[in-house]
1. Do any strands (runs of 3 or more DSSP E) entirely within region 6-111 hold 1 or more residues that are touching a strand residue (DSSP E or B) at 6+ places or on another chain (Cβ under 8 Å) and within 14 Å of residue 158 (Cα to Cα), and if so, which?
2. Scanning region 116-139 for residues that are more than 17 Å from residue 161 (Cβ to Cβ) and touching a residue at least 60 places away in the same chain (Cβ under 8 Å), which turns out farthest from the chain's Cα centre (by Cα)?
3. So, in region 152-177, how many residues would count as being assigned to a loop (DSSP other than H, G, I, E, B) and more than 13 Å from the chain's Cα centre (by Cα)?
4. Kindly list, by first and then second residue, each pair from a residue in region 12-33 that is farther than 27 Å from residue 168 by Cβ to a residue that is modelled with pLDDT under 95 and loosely packed, with under 13 Cβ neighbours inside 10 Å, limited to pairs with Cβ atoms under 9 Å and residues at least 6 apart or on different chains.
5. I'm told residue 169 meets every condition in (1) touching a strand residue (DSSP E or B) at 6+ places or on another chain (Cβ under 9 Å); (2) crowded, with 17+ Cβ neighbours inside 10 Å; (3) more than 23 Å from residue 196 (Cβ to Cβ) except one. Can you identify the failing condition by its number?
6. Inspect all residues belonging to region 211-229 and state whether any of them is farther than 25 Å from residue 46 by Cα and within 20 Å of the chain's Cα centre (by Cα).
7. In region 91-118, what count of residues is obtained for those that are more than 16 Å from residue 181 (Cα to Cα) and surrounded by 15 or more Cβ atoms within 10 Å (Cβ to Cβ)?
8. Could you give me the residue pairs with C-beta distances under 7 Å whose first residue belongs to region 162-190 and is in contact (Cβ under 8 Å) with a residue 24 or more places away in the chain and on the phi > 0 side of the Ramachandran plot, whose second residue is surrounded by fewer than 20 Cβ atoms within 10 Å (Cβ to Cβ) and part of a helix (DSSP H, G or I) wherever it lies, and which are 6+ apart or on separate chains?
């Protein structure tokens, strides 16, 4: 079910329902692009019209941050749950192995990419990878790269590049990629390859995985988290205030009409 949060679309999907939609796209060949929404991406999209467009043009806008979950629940959407990108990626790889779908892996360094493929095949011996390519390429390489991906016969494409580069790549090349299901997975390859550790399960369940990441990379993430979280808090305060005012005006109008 699609809802709106601060002007951007977001889909209230569970892990299982997202997996089902992706599976249907791969079985039928129906184009389906998944984008994961978190606080940083939502805030950045407000000043980046291309990122805003990339999000709106995706068939699935999944919830990949507890800040988004808490905001939706605060606004009355109790069904909102987080479907972490890394969990969905690993679930989709399992689906590929079980049903014979072939993924294409795009992004990260050649070393991380090789380690990711090896680990995925270790976990899923029946998995057949359609192809792979590192993330260090420029605009001049895209035509050849897209032709390689299209010729691979991949059922799904996982793009492990940072925002907004991965969103731009997916939208810009969507038609010539000729892959049914396309998903940006950020740093998931680093996690699978063992280069980056995920937070313990307890922190994941409590919504504090972001804090664990901050502790691992304070210099890179501290400024970003501070800026985007403060902006998001201000936007939410304004949204809640506007709703309260609207509710008050409606109540007064009802009283006066009565």
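The values are calculated or read from the model by the stated rules, or taken from the named source; none is laboratory data. Bear in mind that the values here come from a model prediction, so they are computed numbers and not experimental data. Cβ coordinates were reconstructed from backbone atoms using ideal geometry, including for glycine residues, and neighbour counts include every protein chain displayed.
1. Working: elements: 8-11, 32-37, 60-63, 103-107.
Passing ranges, in order: 32-37, 103-107.
2. Step one: list which residues in region 116-139 are more than 17 Å from residue 161 (Cβ to Cβ), which gives 118-130.
Still in the running and touching a residue at least 60 places away in the same chain (Cβ under 8 Å): 119-120.
Details: 119: 22, 120: 20 Å.
Of everything passing the filter in region 116-139, 119 is farthest from the chain's Cα centre (by Cα).
3. Here is the first cut: in region 152-177, the ones assigned to a loop (DSSP other than H, G, I, E, B) are 152-155, 161-164, 173.
Those left that are additionally more than 13 Å from the chain's Cα centre (by Cα): 152-155, 173.
Total satisfying the criteria: 5.
4. 14/79
5. Residue 169 satisfies every listed condition except (3).
6. Yes, region 211-229 contains a residue that is farther than 25 Å from residue 46 by Cα and within 20 Å of the chain's Cα centre (by Cα).
7. Taking region 91-118 first, the residues more than 16 Å from residue 181 (Cα to Cα) are 98, 107-118.
Retained after the next criterion (residues that are surrounded by 15 or more Cβ atoms within 10 Å (Cβ to Cβ)): 107-109, 112-117.
Residues that pass the stated criteria total 9.
8. Correct list of pairs: 178/150.
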